[in-house]
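Peer 1: Attaching a single structure in structure tokens format; questions to follow.
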Amino acid sequence: MLVSSTRFMGHTVPKPLESRVEQPKSGPNRRNLFGALGMAAVGRAVATVPAEAQIPANAPTPTTLDVNGRDYRLVLDTRTTLLDALRDHIGLTGSKKGCDQGQCGACTVHVDGVRVLSCLTLAVSVEGRKVTTIEGLAQADGTLHPVQQAFIDHDGFQCGYCTPGQIMSAVACIREGHAATDDDIREYMSGNLCRCAAYPNIVTAVKQARDRMGPNAKETA
Ligand code: FES
Ligand code: FES
């Protein structure tokens with residue numbers, strides 16, 4: 001686990017860096033004093049590292065990602081997002097890039113069964129964890145997941161651009177037990193925007209899938 005995370009409109013997103021850094025209190029104290037002395041020592045140490053020994057932030061880094069049950073060995077710039085790794089390096093383009101800044105939900109995937117915004121997640125941070133994308137939701141014989149089927153049955157989309165993210169979010173929403181009422185579904189799917197405004201049909205689709213997945217939904221992919 002390389003990044004701290006928090007919940008936002010149903011999604012797990014990395015915490016902003018500032019909120020993970022303890023803010024110093026005003027005025028001198030033991031912690032500030034020793035911290036300052038420590039930083040001075042680190043500064044001297046860094047200054048003595050030869051320039052050629054420093055690793056640039058964009059240095060290619062070998063990374064293995066487990067996506068939909070298959071290992072992909074990649075060499076990535078450590079700043080590569082999970083969304084770009086999936087789309088541009090692995091070739092799984094089902095996860096969509098809408099806003100690329102955590103506001104639309106089009107890029108939603110699951111990491112260890114929890115929905116995350118892949119545009120806000122560094123690919124290297126999910127090494128060793130199980131990533132599931134829309135391409136990994138149906139069964140091997142092509143049978144659609146109940147949520148996929150429900151979106152078709154109830155026209156839960158128009159242009160379809162938001163649909164992979166909506167479906168991944170809906171699967172998680174049902175598994176979390178957040179699909180008991182229409183209001184719950186609207187609230188816990190609110191991180192997924194649909195510019196075609198297919199919202200009423202999406203709610204109906206989620207309810208059908210919830211009923212078909214039944215009480216064992218938590219164990220269902
Ligand atoms: Fe990730 Fe919009 S593309 S939230
Ligand atoms: Fe077009 Fe949702 S179906 S954006």
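The values are calculated or read from the model by the stated rules, or taken from the named source; none is laboratory data. On a predicted model such as this, the values are computed, not experimentally measured, just so you know. Here the Cβ is made from the backbone with ideal geometry for all residues, glycine too, and neighbour counts use every protein chain on show.
Peer 1: Does S95 satisfy being loosely packed, with under 10 Cβ neighbours inside 10 Å and either over 30 Å from F157 (Cβ atoms) or modelled with pLDDT of 70 or more (or both)?
Peer 2: No; evaluated as a whole, the condition is false for this residue.
Peer 1: Please determine, by comparing only the residues of segment 99-127 that are surrounded by fewer than 19 Cβ atoms within 10 Å (Cβ to Cβ) and within 16 Å of ligand 2 (Cβ to nearest atom), which one is nearest to N192 (Cα to Cα).
Peer 2: Filtering first and then ranking leaves Q103.
Peer 1: Check off (1) within 12 Å of the chain's Cα centre (by Cα); (2) within 14 Å of ligand 1 (Cβ to nearest atom) for V126 and give me the number that stays unchecked.
Peer 2: The number of the failed condition is (2).
Peer 1: Return yes or no: is V109 in contact with a strand residue (DSSP E or B) (Cβ under 9 Å, 6 or more places away or on another chain) and over 18 Å from A170 (Cα atoms)?
Peer 2: no
Peer 1: Considering each of L76, L65 in turn, give the residue that is in contact with a Phe, Trp or Tyr (Cβ under 6 Å, 6 or more places away or on another chain), in a strand (DSSP E or B) and not assigned by TED's automatic domain parsing to the domain that holds A198.
Peer 2: So the residue among L76, L65 that is in contact with a Phe, Trp or Tyr (Cβ under 6 Å, 6 or more places away or on another chain), in a strand (DSSP E or B) and not assigned by TED's automatic domain parsing to the domain that holds A198 is L65.
Peer 1: Right, something else. Kindly indicate whether D100 is part of a loop (DSSP other than H, G, I, E, B) and not assigned by TED's automatic domain parsing to the domain that holds R210.
Peer 2: The answer is yes for D100.
Peer 1: Have a look at G113, G10 and point out the one that is modelled with pLDDT of 95 or more and on the phi > 0 side of the Ramachandran plot.
Peer 2: G113
Peer 1: Those residues that are in a loop (DSSP other than H, G, I, E, B) and either under 12 Å from A209 (Cβ atoms) or polar (S, T, N, Q) (or both), I need them from segment 140-188; list them, please.
Peer 2: Those that are in a loop (DSSP other than H, G, I, E, B) and either under 12 Å from A209 (Cβ atoms) or polar (S, T, N, Q) (or both): T143, L144, H145, H154, G156, Q158, A179, T181.
Peer 1: Given the residues Y161, Y188, which is the only one that is of a type in the set (F, W, Y), surrounded by fewer than 19 Cβ atoms within 10 Å (Cβ to Cβ) and either within 14 Å of ligand 1 (Cβ to nearest atom) or at pLDDT 95 or above (or both)?
Peer 2: That would be Y161, the only listed residue that is of a type in the set (F, W, Y), surrounded by fewer than 19 Cβ atoms within 10 Å (Cβ to Cβ) and either within 14 Å of ligand 1 (Cβ to nearest atom) or at pLDDT 95 or above (or both).
Peer 1: Got a sec? Which of A170, A150 is of a type in the set (A, V, I, L, M, F, W, C), within 19 Å of the chain's Cα centre (by Cα) and outside the structural domain of D66 (by TED's automatic domain parsing)?
Peer 2: Exactly one residue qualifies, and that residue is A170.
Peer 1: Suppose we filter segment 112-141 for residues that are within 14 Å of N68 (Cα to Cα) and without any contact (Cβ under 8 Å) to a residue 40 or more places away in the chain; how many remain?
Peer 2: Looking only at that region, the number is 4.
Peer 1: A further question follows. Among the residues of segment 145-184 satisfying the criterion of being β-branched (V, I, T) and closer than 19 Å to V116 by Cα, which is nearest to ligand 2 (Cβ to nearest atom)?
Peer 2: Only one residue fits best here, namely T163.
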